[in-house]
1. Could you tell me which numbered condition LEU224 fails, if it satisfies all but one of (1) surrounded by 16 or more Cβ atoms within 10 Å (Cβ to Cβ); (2) within 16 Å of ligand 1 (Cβ to nearest atom)?
2. Of the residues that sit in region 67-102 and are in contact (Cβ under 8 Å) with a residue 40 or more places away in the chain and of a type in the set (Asp, Glu), which one is nearest to ligand 2 (Cβ to nearest atom)?
3. Could you tell me how many of the residues in region 169-206 are near ligand 2 (Cβ under 9 Å from one of its atoms), surrounded by 15 or more Cβ atoms within 10 Å (Cβ to Cβ) and assigned to a helix (DSSP H, G or I)?
4. Of the conditions (1) in contact (Cβ under 8 Å) with a residue 24 or more places away in the chain; (2) outside any helix (DSSP H, G or I), GLY164 fails just one. Which one is it?
5. Please work out if GLU89 is over 20 Å from VAL62 (Cβ atoms) and either among the charged types (D, E, K, R) or within 11 Å of ligand 1 (Cβ to nearest atom) (or both).
6. Has region 106-116 got any residue that is outside any helix (DSSP H, G or I) and charged (D, E, K, R)?
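Each reported figure results from applying straightforward, stated rules to the coordinates on display, with no laboratory input. The structure displayed is predicted, hence computed values, not measured ones. With ideal geometry, Cβ positions are generated from the backbone for all residues, glycine too; neighbour counts draw on all protein chains shown.
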Amino acid sequence: MKRATTAIAWMLTPLVIIMTPAATEARGGDVAAGKAVYERLCTYCHGPKGEGDGPAGSLSGVPTGDLSNKAYMSQLSDQEIHDRIAWGEERFPYLQMPGWRANLSDEEIWNVVAYIRTLEVDKGPLTTPSPKEREKRFRSDPLERGRIYYLRYCSGCHGKTGNGDGEGARNLPHPPARLSDPKVAARLSVESVKHYLIEQERRGEREMPVFEDTFRDKIGDIVLYIKTLANTK
Ligand code: HEC
Ligand code: HEC
């Protein structure tokens, strides 16, 4: 009996989601409570006004974006902002931010959405790609994926342009390879980089992190992007 009710509840769930307007319309979160969450967890990257100028704004190598730009943010529904905060890169890999589901309750996420809405300022028409365009480009363009992954996972040491001057490399005993040097770039292949990043055993003198096996799928795109860094020299 119990099992049957559960099965019915399951079958009804999609209908309920489609029929409940709250799932897509604005949800009234508590702005003051959202502000407290924002100041505790978000300001240090997104900045006090959401402009992306927090002290750790470029920590991940990818610029944090501007949550206060009305023309951009108005293209996202409250639900879409909620989902981006909750799931982050797990569901929206074009945005390199880990999701906050593990740290925040659903109510807290709705509160922070309500607060983010108060940060929006009219800065004129949109001059950068819209959220939909960014998502589409990420899915269809391997070079764009490679660029984002490179900035996120490699630029901290190898530098934004590949010249080895990343912040994270300052105190390393060996400097990182200059991936933008045409001679280095010429000998890199998807296979050699895979081997170097994942398969090679950690040697005592190695400063390069060993990446998890799940990183394998990203390497083709990253190598494609690294090769373009050398071409500009
Ligand atoms: C370690 C830095 C960091 C922290 C802390 C952080 N974010 Fe982010 N956030 C990012 C980055 C990087 C992106 C991706 C920006 C981009 O690609 O435009 C992002 C994207 C977002 C987006 C999506 C914007 C868009 O263009 O769709 C939202 C919304 C957001 N963050 C909200 C939050 C909230 C709320 C918190 C606090 C609970 C938070 N972030 C904490 C770095 C951070
Ligand atoms: C923590 C800093 C750090 C990060 C992050 C990092 N690297 Fe490195 N990398 C180094 C250092 C230092 C070297 C020089 C050799 C060594 O110490 O292992 C190096 C060497 C390399 C080499 C060898 C080049 C050659 O001469 O053959 C490749 C390829 C490489 N890195 C690719 C990457 C890629 C791709 C990423 C991102 C997915 C990445 N690295 C992230 C520090 C880093």
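1. The one condition LEU224 does not meet is (2).
2. GLU80
3. 5
4. (1)
5. Taking the combined requirement at face value, the residue does not satisfy it.
6. No: region 106-116 contains no residue that is outside any helix (DSSP H, G or I) and charged (D, E, K, R).
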